[in-house]
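Some notes on the structure that comes next.
The values are calculated or read from the model by the stated rules, or taken from the named source; none is laboratory data. As the structure is a computational prediction, the values presented were derived from the model and not from experiment. Here the Cβ positions follow ideal geometry from the backbone for every residue, glycine too, while neighbour counts run over all protein chains shown. Remember, those area values only see protein heavy atoms, side chains included, never the ligands or the DNA or RNA. Shrake-Rupley method; radii C 1.70, N 1.55, O 1.52, S 1.80 Å.
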Amino acid sequence: MRVLTGEYRHVPVMLDEVLAELDPRPGEVVCDCTLGGAGHSVELARRVAPDGLSLGIDQDDMALTAASERLSREVPEASVRLLRGNFGDLDDLLVEAEVPGVDCFLFDLGVSSPQLDIPERGFSYHEDAPLDMRMNSGNHTLTAAEVVNTYNEADLTRILRVYGDERFASRIARRIVERRSKAPVETTLQLVEIVKEAIPAAARRHGGHPARKTFQALRIEVNHELDVLDRGLRAAVRWANPGGRICVISYHSLEDRIVKHVFSELSQGCTCPPDLPVCVCGHVPIVDVRTRRPLVASDEEVAANPRSRSALMRVAVKLDVTD
Ligand SMILES: C[S@@+](CC[C@H](N)C(=O)[O-])C[C@H]1O[C@@H](n2cnc3c(N)ncnc32)[C@H](O)[C@@H]1O
């Protein structure tokens with residue numbers, strides 16, 4: 001696999017807003033759970049250096065290599081620890097890092113520009129490549145090709161409908177099953193072709209690339225993106241120090257819904273009926289949600305970086321639950 005170090009190009013999304021909301025201070029511990037090319041992490045590390053600690057997590061070796069090089073070049077004074085793994089396993093990763101607690105957590109979800117741009121990763125519907133889509137491509141985990149060639153029609157339909165919000169889910173699933181009965185579907189452009197054949201011609205003319213939703217759905221399935229987000233967020237809240245800030249940038253409504261749900265659940269106080277003399281539910285708010293509605297990128301940023309158009313940022317602050 002190609003390893004891009006010097007040429008890892010990913011423009012960090014909503015960087016000013018991330019810094020304003022997380023407000024990292026000298027001496028604090030920051031944890032970037034989606035390190036990527038360290039676009040956010042260089043600035044986080046700069047602000048907590050030299051006495052603070054910057055943790056960076058990514059499941060992608062290419063990102064870790066590029067980020068490590070960039071951080072040591074641009075913020076040599078920072079104390080940095082990079083961890084390979086999935087933020088769904090945040091508990092284990094933070095035990096491994098031997099930190100007692102964290103002051104700022106960042107989740108900038110999804111794939112990075114280099115992951116999309118390298119055809120061999122199989123994320124792009126513009127270039128032909130094996131159907132892979134694993135963010136941790138070094139591991140022997142499920143690939144998009146295995147999903148497409150082995151899931152039954154009902155499961156394919158469900159994935160496309162739920163994870164892709166694809167209105168033609170059942171037509172696409174049926175077409176996939178028909179095609180793979182002749183020969184396995186192995187490449188991205190074969191799948192694009194199948195999607196195009198399955199969707200009515202009129203629908204193909206608007207709403208972006210016809211395979212966009214199918215590719216999103218497969219990527220979520222292959223990387224268990226929604227499950228790990230729920231787990232990772234809850235772990236981040238557990239590990240946050242009192243007053244610790246947690247900032248999440250999502251890029252589609254399914255992710256954003258999970259962030260909203262987890263934050264709202266953990267910000268709930270007592271839910272007992274008001275006429276009960278004492279609380280029996282035991283609910284104590286653990287976080288204060290700072291964003292009732294998600295923050296979005298400015299018009300200037302959207303004009304300069306189209307990727308920021310779909311960004312939705314939510315922020316919560318850990319309460320001092322010992323009070
Ligand atoms: C949008 S990019 C982050 C870009 C980064 N903020 C920057 O500005 O350079 C998302 C990164 O998170 C990683 N990632 C996504 N989901 C992950 C997960 N569950 N665990 C660990 N890393 C993950 C991807 O491999 C990718 O490198």
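In the set SER181, SER264, SER253, which member is out of contact with any Asp or Glu (no Cβ under 9 Å at 6 or more places or on another chain), open to solvent by 10 Å² or more (accessible area, probe 1.4 Å) and within 30 Å of PRO306 (Cα to Cα)?
Values: SER181 fails: within 30 Å of PRO306 (Cα to Cα); SER253 fails: out of contact with any Asp or Glu (no Cβ under 9 Å at 6 or more places or on another chain).
So the residue among SER181, SER264, SER253 that is out of contact with any Asp or Glu (no Cβ under 9 Å at 6 or more places or on another chain), open to solvent by 10 Å² or more (accessible area, probe 1.4 Å) and within 30 Å of PRO306 (Cα to Cα) is SER264.
Where residues in region 88-111 are of a type in the set (Asp, Glu) and under 19 Å from the mean Cα position of the chain (by Cα), which of them is nearest to the ligand (Cβ to nearest atom)? Break it down into steps so the answer makes sense when it comes.
Restricting attention to region 88-111, the residues satisfying the condition of being of a type in the set (Asp, Glu) are 89, 91-92, 96, 98, 103, 108.
Within this subset, residues satisfying the condition of being under 19 Å from the mean Cα position of the chain (by Cα) are 89, 91-92, 108.
Working: ASP89: 8, ASP91: 13, ASP92: 12, ASP108: 4 Å.
Among them, the one singled out is ASP108.
Would you point out which residue out of SER54, SER68, SER79 is over 23 Å from GLU225 (Cβ atoms), in the same structural domain as GLU255 (by TED's automatic domain parsing), more than 11 Å from the ligand (Cβ to nearest atom) and buried (at least 23 other Cβ atoms within 10 Å of the Cβ)?
SER54
Any chance you could count how many residues in region 120-137 are in a loop (DSSP other than H, G, I, E, B) and either of a type in the set (Ser, Thr, Tyr) or open to solvent by less than 50 Å² (accessible area, probe 1.4 Å) (or both)?
Applying the first criterion (in a loop (DSSP other than H, G, I, E, B)) to region 120-137 yields 122-129, 131-137.
When the remaining residues are screened for being either of a type in the set (Ser, Thr, Tyr) or open to solvent by less than 50 Å² (accessible area, probe 1.4 Å) (or both), the result is 122-125, 129, 131-137.
Number satisfying all stated conditions: 12.
Which condition number in (1) within 12 Å of the ligand (Cβ to nearest atom); (2) within 22 Å of ARG307 (Cβ to Cβ); (3) open to solvent by 10 Å² or more (accessible area, probe 1.4 Å); (4) not basic (Lys, Arg) is the one that GLY85 fails?
The one condition GLY85 does not meet is (2).
What is the number of the single condition among (1) of a type in the set (A, V, I, L, M); (2) more than 9 Å from the ligand (Cβ to nearest atom); (3) within 25 Å of ASP230 (Cβ to Cβ); (4) touching an Asp or Glu at 6+ places or on another chain (Cβ under 6 Å) that LEU35 does not meet?
Only one criterion is unmet by LEU35, namely (2).
From the list ILE172, ILE199, exactly one residue is at pLDDT 95 or above, open to solvent by less than 40 Å² (accessible area, probe 1.4 Å) and more than 25 Å from the chain's Cα centre (by Cα). Which is it?
Working: ILE199 fails: at pLDDT 95 or above.
Unique residue meeting the criteria: ILE172.
If we keep just the residues of region 289-304 that are assigned to a loop (DSSP other than H, G, I, E, B) and modelled with pLDDT of 95 or more, which is most open to solvent (accessible area, probe 1.4 Å)? Before the answer, list the steps.
So in region 289-304, the residues assigned to a loop (DSSP other than H, G, I, E, B) come out as 290-294, 296-298.
Restricting the remaining residues to those that are modelled with pLDDT of 95 or more gives 290-291, 293-294, 296-298.
On the way: ARG290: 138, THR291: 7, ARG293: 192, PRO294: 40, VAL296: 88, ALA297: 13, SER298: 42 Å².
My answer is ARG293.
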